[in-house]
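A.B. asks: One structure is given below, represented as structure tokens, and several questions about it will come after.
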Amino acid sequence: MLFTIITVLAVLGLSYRLTSLRFRAKTPAAGKKAAGYFPWLWSWMKSILKKETFQKGRSVVSDWIKNYYPGWTKWVFLALAASFVYQAASGLLFAIFSPRGMFGVPLLVHVSLGGLFAVSLAFALIWRARDYRLDRQEAAAFESMACPVFKNLSKSLIRKFLFWAFAAAGLCLMITALGSMVPFFSFNAQKAMIVVHRYCALVALLTALTFLDTAFLPQPQAK
Amino acid sequence: MNQMQPPRMKNRSVLLLIFILSVIEAWASSPQKKLAWDGSRITPVHQIPLKDELNQLIVPTESYPLPFSSRATCEPCHDYKVIQQGLHFNEATSTKPGRAGEPWIWVDEKTGTLLPLSYRNWKGIWNPKDLGLTPWDFTLLFARHMTGGGIAEPEDKDMTPASRWNVSGKLEINCMGCHNASQVQSHSEWAKQVLRENFRWAATAASGMGEVGGMSSRLKGTWDVFDGPNPDDSEWAAAPSVRYNKNLFDSKHRALFDIAYKPEDSRCLACHSAAPAEMKKFNFDEDVHSAAGLKCVACHRNDLGHAMVRGYEGEAEDNPALPAEGFTCAACHLGGKSSIRQTILPGRLGAPYPLHKGFPEVHFERLACTVCHSGPMPAKETVRVRTSRANRLGIYGVAQWATGLPAILEPVYIRDKNKKLTPHRLMWPAYWAELKEEKMSPLKPEEVLAAAGDILSPEKTVTRILTALFNIPELNGTPLLIMDGKAYELNVDGGLDASPYLGVTNKPDLFWAVKKSGKITRLVPGFNPDVPEAAAEAEALIQKILEALKNTEAAPGQPVCVYKNLLYRIVETYVDKSEFKGESQSQPQFFWLKDDQTQPFVTNFARRTIGQLTGTEQTLTEGQAELILKSLREKRPVNEAKDGNEYVYISSGKLFRLDQNDKLEAKNDDAAKPVAWPLAHQVRPARQSLGVNGCTDCHKAGSSFFFGKVTGTGPLETKNVLVRSASSFMGLTKPYYFLFGLSFTVRPVLKWILFAAAIVIGSILFLVFLLALGRLSGLIDKRS
């Protein structure tokens, strides 16, 4: 139950944070007033659901993939993305809505795609790690770190942070999944691993959502 | 002031005094007082006066003393009424049936009846009342494995006219049956005495306190225990009497009861044994708890109320007064919280704490502990077991008590009330029933027998002949029937035993023979009837045989022998030889002659039936079932002949009925579903538990756990049996679990992939961490 509450609050909170930043950037007249937020959100979501927005988004993603995952390596990214989307959706939906947790065919696919996720993440790390290493300027940016982090840090640094956070969460997911499959840990340890697995999945989802926001969506200029 | 009290006031004072004295007396004799434990852990020596059912002291030296009464003897210290509420005595009165347990099974092999019965309201089990069984009938059927009390000790108002309680006495609670620490306590003696209807004497005889003779079952219904011995008959209809073992009494006529406060396991096992049917005794492993030194009663505890802890999960809901939550597997081994938030510490009586390494949590949510730890390991087919109560085990004597039927199968995994899979034992019921307006009413075996007549006894046509031949000394051997390649001979129970016949069987392949020193020859070998000297010996033998056969029970005609074109028969006291106008016989053959027509000794129906059934445990053929259903329809017409009203037979998981052409047909029906009850023992050690070899103990394509077969069994010899997979009992989707099991063949590859990926990702992250650390500390900058 605690996990459900934390998950719902975290996802809603992040969504609010990301959209509210966008709202304030796009409607400076509203300032810090939240009165126009929900109408704006509604119209923004409707604009996203439009066909041309979808096509535009697809071309943005396509360009991004071509840029960062050229040639056959795009399949690595697609495998990583597809397996993660399924893992996150199935895992969290069952964790939130099913008292029994995940079971049946969804579980079977979840476990099977876990292997694909692990391999593609490992490959993506080997392929892309060099682009996300910290340089000296960014290292200095830590000094100006303040809450809220997304306001004061550069997008580049945020993406790097998110990339490594996602990788760390992915590693944790793998270890906990593997740990529950091998007969080395006691029942209580395994129960703990399932809990850790779930929270890591939540962290991975939050980082992925934020990365998506910073990497693919048009970035508003903060006022 | 010396005023006289009015008489009314005086009366009030007297009444008040009586009331106060009554309260004091009631308190003094209250169960609470009797229940009180002074804290000592010793069991008092029970050197006590024995009382008979009239609460009179038993003096063993008296002539014809009565047997001791548990009620009267134990009552002064132990409240009998409280004990009567106990689990072993309250099946007819308790309103809380609890988790299903093993039912009583009414076995009648002759009619192919295997009916699960219980007064407790358990699913799929018939209440004896609904079948018209009185407490008397029920006691006669099952007292061999009953504890006494309860249904076997009815109130006077519950005694039905046809019962013989006044002769037999009531079957009081047999306290010594459980609490006797002496090795003299005999379950066999108990069974023998209740079979003889010596109910009031059974406990005395079984405890070894005295020797009991006589049989109530042979006494007239008017006999009363105060009538004493029968002066006219001391052999056949001898009245029961007891001769006490005087060595057990002291000079004050007090007897020594060697009492065990905690009964020995052997006492429990007298009625609760279960073992694989084909297993040798020396090879049987006891329950791991017993091997560790625990007694049955270490977990199955009770107080004076004898409400025993059964130990299943959820028992506390069924019976809140019991401390049941502390005695489940999980409570002793894992500990936990009780329903009233009290901490239950693990490790009770040294129970080891299981780590369950590698087991996902779902197993503990969906499976009872006993799935992995109790009963036999799942196999392609279920294991057949015999239990004390169902198969009449543990009774030894001249007679063979144990029966093969019913076939009880285990393990079958079925969801319990708490939705957890739990290993069960099951049996397939078999019975004849009247199906009226979709309501099934089982018939009693005697009702079926009355309607079926000779259909159920085809072997008697053979056994009667063999018995008659057995009494001819001139044969000097064992008479046999050679039929269809088998040799049939009488067995000690009056039935038939079959063995392969390896000799030559020219036509006809049915003939009577005699076995001498292992050699089988024809009953009457061929001879030349035209040569009187040569024929004399054979014709003398024919005369002996015909004379022996003419008094055969239920003979349909006169016995005759036909040889070539001659017919031999007894006329007055000699053999008459005349011309036979029927089919000539190349070997001497015997027939019944009725209205100048010959009939074979063994009809085609009997031949088929005997051939099919002899040597098998089945007792009915499809042919018999068809005939019996027709006979029931004719002799017991179903009232209000509406569509769907008919007689049916249930066996092997199928319902058998007559189709429109009066032929037997089989179909699936809920009434034929098996009856199951959870099993808890034998508990295996952890290293022999299911899953100790890894996930693939259960999760693999074709796993016995999910895809083992449960085959219907029953008294009917038929190929129409229901076969179900284990997963169907679990309520699981077979294809999914096949796929899921299949996934475990690639599971090791997945683990290696995850491991390799984790190493790669972990190494990179570690490098990143080192780089970040180096940069923060300035080590990398300094180097560059």
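A.B. asks: Can you tell me which condition A:Leu121 does not meet? The list is (1) more than 10 Å from chain B (Cβ to nearest Cβ); (2) buried (at least 17 other Cβ atoms within 10 Å of the Cβ); (3) at pLDDT 90 or above, and all the others hold.
C.D. replies: Here A:Leu121 clears every test but (1).
A.B. asks: Do you know which residues across the range B:37-74 are surrounded by fewer than 19 Cβ atoms within 10 Å (Cβ to Cβ), among the aromatic types (Phe, Trp, Tyr) and touching a residue at least 12 places away in the same chain (Cβ under 8 Å)?
C.D. replies: B:Tyr64
A.B. asks: Regarding B:Ala162, is this residue farther than 20 Å from B:Val309 by Cα, more than 18 Å from the chain's Cα centre (by Cα) and in a loop (DSSP other than H, G, I, E, B)?
C.D. replies: yes
A.B. asks: Just checking, how many residues over the range B:136-159 are basic (Lys, Arg) and either outside any helix (DSSP H, G or I) or without any contact (Cβ under 8 Å) to a residue 40 or more places away in the chain (or both)?
C.D. replies: Here is the first cut: in the range B:136-159, the residues basic (Lys, Arg) are B:144, B:157.
Narrowing the set further to residues that are either outside any helix (DSSP H, G or I) or without any contact (Cβ under 8 Å) to a residue 40 or more places away in the chain (or both) leaves B:157.
The number of residues fulfilling the criteria is 1.
A.B. asks: Another question, then. Say we look at the range B:170-214 and pick out the residues that are surrounded by fewer than 20 Cβ atoms within 10 Å (Cβ to Cβ) and among the hydrophobic types (A, V, I, L, M, F, W, C); which of these is nearest to B:Glu155 (Cα to Cα)?
C.D. replies: Looking at residues that are surrounded by fewer than 20 Cβ atoms within 10 Å (Cβ to Cβ) and among the hydrophobic types (A, V, I, L, M, F, W, C), I get B:Leu195.
A.B. asks: Give me the residue from the range A:152-210 that is hydroxyl-bearing (Ser, Thr, Tyr) and touching a residue at least 60 places away in the same chain (Cβ under 8 Å) and, out of that set, farthest from the other protein chains (Cβ to nearest Cβ). Break it down into steps so the answer makes sense when it comes.
C.D. replies: Step one: list which residues in the range A:152-210 are hydroxyl-bearing (Ser, Thr, Tyr), which gives A:154, A:156, A:176, A:180, A:186, A:199, A:207, A:210.
Then drop every residue that is not touching a residue at least 60 places away in the same chain (Cβ under 8 Å), which leaves A:199, A:210.
Numbers: A:Tyr199: 16, A:Thr210: 19 Å.
It comes out as A:Thr210.
A.B. asks: So if I check each of B:Ala680, B:Ala672, which one is among the small types (Gly, Ala, Ser) and more than 24 Å from B:Lys734 (Cα to Cα)? Full working, then the answer.
C.D. replies: Numbers: B:Ala672 fails: more than 24 Å from B:Lys734 (Cα to Cα).
When all the criteria are applied, what remains is B:Ala680.
A.B. asks: Could you tell me which numbered condition B:Lys709 fails, if it satisfies all but one of (1) surrounded by fewer than 20 Cβ atoms within 10 Å (Cβ to Cβ); (2) within 10 Å of chain A (Cβ to nearest Cβ)?
C.D. replies: Condition not satisfied by B:Lys709: (2).
A.B. asks: For the range B:714-732, does any single residue satisfy the condition of being at the interface with another protein chain (Cβ under 9 Å from one of its Cβ atoms) and at pLDDT below 90?
C.D. replies: no
A.B. asks: Would you point out which residue out of B:Ala298, B:Ala307, B:Ala316 is under 25 Å from the mean Cα position of the chain (by Cα) and surrounded by 15 or more Cβ atoms within 10 Å (Cβ to Cβ)? Give the steps one after another, and end with the answer.
C.D. replies: Working: B:Ala298 fails: under 25 Å from the mean Cα position of the chain (by Cα); B:Ala316 fails: under 25 Å from the mean Cα position of the chain (by Cα).
That would be B:Ala307, the only listed residue that is under 25 Å from the mean Cα position of the chain (by Cα) and surrounded by 15 or more Cβ atoms within 10 Å (Cβ to Cβ).
A.B. asks: Of the conditions (1) in contact with a Ser or Thr (Cβ under 6 Å, 6 or more places away or on another chain); (2) not in a helix (DSSP H, G or I), B:Ala321 satisfies every one except a single condition; which number is it?
C.D. replies: Answer for B:Ala321: the failing condition is (1).
A.B. asks: Additional query: Determine, yes or no, whether B:Ala757 is on the phi < 0 side of the Ramachandran plot, within 12 Å of chain A (Cβ to nearest Cβ) and surrounded by 18 or more Cβ atoms within 10 Å (Cβ to Cβ). Don't jump to the end; show me each part of the working.
C.D. replies: Working: on the phi < 0 side of the Ramachandran plot: yes; within 12 Å of chain A (Cβ to nearest Cβ): yes; surrounded by 18 or more Cβ atoms within 10 Å (Cβ to Cβ): yes.
Yes: the conditions hold for B:Ala757.
A.B. asks: Which members of the range B:208-249 meet the condition of being among the hydrophobic types (A, V, I, L, M, F, W, C), within 35 Å of the chain's Cα centre (by Cα) and part of a helix (DSSP H, G or I)?
C.D. replies: So the first thing to find is which residues in the range B:208-249 are among the hydrophobic types (A, V, I, L, M, F, W, C), and the list is B:209, B:212, B:215, B:219, B:223, B:225-226, B:236-239, B:242, B:248-249.
Narrowing further to those that are within 35 Å of the chain's Cα centre (by Cα): B:209, B:212, B:215, B:219, B:223, B:225, B:236-239, B:242.
Hit for the range B:208-249 is B:Val225, nothing else.
A.B. asks: Please go through the range B:329-378 and give me each residue that is assigned to a loop (DSSP other than H, G, I, E, B), within 14 Å of chain A (Cβ to nearest Cβ) and among the charged types (D, E, K, R), ordered by number. Lay out the reasoning, then the answer.
C.D. replies: The first filter runs over the range B:329-378 and keeps only residues assigned to a loop (DSSP other than H, G, I, E, B), leaving B:334-335, B:338-342, B:345-347, B:351-361, B:368, B:375-378.
This time we only want the ones that are within 14 Å of chain A (Cβ to nearest Cβ), so: B:334-335, B:346, B:352-361.
Of everything in the range B:329-378, those that are assigned to a loop (DSSP other than H, G, I, E, B), within 14 Å of chain A (Cβ to nearest Cβ) and among the charged types (D, E, K, R) turn out to be B:Lys357, B:Glu361.
The values are calculated or read from the model by the stated rules, or taken from the named source; none is laboratory data. Computed from a prediction, not measured in an experiment: that's the story for all the values here. Counting neighbours? That spans all protein chains shown, and the Cβs are built from the backbone with ideal geometry, glycine included.
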